[in-house]
Amino acid sequence: MDWIKGILPKNARLIFCSGAIVLLVTTSCNKAKKFEDLHLLTEKNWQLTSRTQGGADITKECDLDDELLFEDATKFHYDFGNLSCPDNELSKEAKTWKIVDDYTVLRMKYKFSGQGFGSLVEYWKITELSDTLLILEDASAEENDQIPEIRTYHY
């Protein structure tokens, strides 16, 4: 960085270096743009069709109008539909997503709205992805001594 000292004044160097760091952090953290199957995942309204856990169907009628939409390589939307499930009492708003672990796991960040504060991060392993089928498995369940939930979505 000594070469910058001769070119830019001190304040400009600070702004340049800060900008370079921000650019580096924002461009290197999200691998989604390099995800080979990004086109299969994004810009589709994925309709939830089933939820299973340990081989048992745990789908509720109120789950069947849920939709998942990956808008682009960073933003997503989860619509819980008109039928409200009791476990959705806390309102959470989808914020950002990225793909981690060698393009196999979706990291989905939600923000609580209403009376709840804070955020929630969920990790879902992509077990199948095609033009019309998306199957996700809870990637953090086993490390928390739980049976993973599997969600199936269709387009």
Legend entry - Yes/no for Leu64 being aliphatic (A, V, I, L, M), modelled with pLDDT of 95 or more and surrounded by fewer than 17 Cβ atoms within 10 Å (Cβ to Cβ): yes
Inset, instruction - Go through the stretch 32-62 and give me each residue that's assigned to a loop (DSSP other than H, G, I, E, B) and in contact with a Lys or Arg (Cβ under 7 Å, 6 or more places away or on another chain). - result: Ile58, Thr59
Inset, instruction - Could you give me the residue pairs with C-beta distances under 9 Å whose first residue belongs to the stretch 82-95 and is more than 17 Å from Ser119 (Cα to Cα), whose second residue is modelled with pLDDT of 90 or more and assigned to a loop (DSSP other than H, G, I, E, B) wherever it lies, and which are 6+ apart or on separate chains? - result: Asn82/Asp65; Leu83/Lys60; Leu83/Leu64; Leu83/Asp65; Leu83/Asp66; Cys85/Lys60; Cys85/Asp66; Pro86/Lys60
Legend entry - From the options Ser18, Ser113, residue that is in contact with a strand residue (DSSP E or B) (Cβ under 7 Å, 6 or more places away or on another chain), modelled with pLDDT under 95 and either surrounded by fewer than 15 Cβ atoms within 10 Å (Cβ to Cβ) or in the same structural domain as Ile150 (by TED's automatic domain parsing) (or both): Ser113
Inset, instruction - Assess whether Leu69 counts as being in the same structural domain as Lys44 (by TED's automatic domain parsing) and at pLDDT 95 or above. - result: yes
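The values are calculated or read from the model by the stated rules, or taken from the named source; none is laboratory data. Worth saying up front: this structure is predicted, and the values here are computed from it rather than measured. For neighbour counting, all protein chains shown are included, and Cβ atoms are generated from backbone atoms with ideal geometry for every residue, glycine included.
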